[in-house]
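What follows is a short report on a single structure.
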Amino acid sequence: MLVLGIGNPGRRDDGLGAAAAERLQKRRLPGVACDANYQLAIEDALACAEHDIVVFVDAARGLRKPFALRKVKPAGVLPAMSHTLPPQGVLAVAAGLYGKRPEAWILAVRGHRFTVGEGLTEEASRNLDLALAFLMDFLRGLRP
């Protein structure tokens, strides 16, 4: 399994994905690899192709709940090769170039401030705690 955090820690709560990957990695869950990037790129397709399950974690605006999980599938066509891709594009590249289609999910965590600055807001940090507790149970349920 791969947990891939997305976001910029230099933009306050936009760093929720990176914080999720860092906190989860410290827990050293067997069979769970963690990584984080400012944005997804074509190179992430190889990492996704090397795993059976991928969970993208990203900050979200406008969620009513602290977090939301939804399944994600590859885009229908290979995206134009770019320096930034959405999760669906990364999955399409993994399928197109490597023939791999991992089961994939997006865990969106509600952020509150996205201004320049480091550190999560207190509200976003609480949301992340709730999301990670849920994610750990979710990942345990997916293990064979």
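Values in this text are rule-based calculations from the coordinates and carry no lab data. Treat the numbers as computed from the prediction; the structure is a model and nothing was measured. Because the Cβ atoms are built from the backbone with ideal geometry, glycine has one as well, and the counts that use them run over all protein chains shown.
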What ranking do 96-107, 46-57 get when scored by the average of other Cβ atoms within 10 Å per residue, highest first? 46-57, 96-107
List the lysines whose Cα sits under 25 Å from the Cα of residue 100, skipping any in the same chain fewer than 8 residues away. 71, 73
Please report, in whole Å, how far the alpha carbons of segment 27-144 spread along each principal axis, starting with the longest. 41, 36, 24
Relative to the first principal axis of the alpha-carbon coordinates of the chain, what is the inclination of helix 87-98, with its axis defined by its Cα atoms, in degrees from 0 to 90 and to the nearest 10? 30
What value, in deg cm²/dmol to 500, does the helix sum -39500 (n - 2.57) over DSSP H runs of n ≥ 4 give at 222 nm once divided by the residues of the chain? -11000 deg cm²/dmol
As a footprinting exposure proxy, order 14, 35 by other Cβ within 10 Å, with the fewest listed first. 35, 14
Pull out the extension gain between residue 46 and residue 23, defined as 0.36 nm times the separation in residues minus the alpha carbon to alpha carbon distance; nm, one decimal. 6.0 nm
The ratio Rg/Rh over the Cα atoms of segment 99-144, Rh being the Kirkwood inverse mean 1/r radius, stands at 1.12
Over all Cα pairs of segment 1-82, how is the pair count split among 5 Å bins, expressed in % and running from 0 up to the last occupied bin? 3, 13, 22, 24, 21, 11, 4, 0
In segment 1-72, trypsin sites (Lys or Arg not before Pro) in a DSSP loop with at most 10 other beta-carbon atoms within 10 Å: 27, 28, 64
For the chain, take the longest principal axis of its alpha carbons; what is the angle in degrees between that and the long axis of helix 16-26, to the nearest 10 within 0 to 90? 80
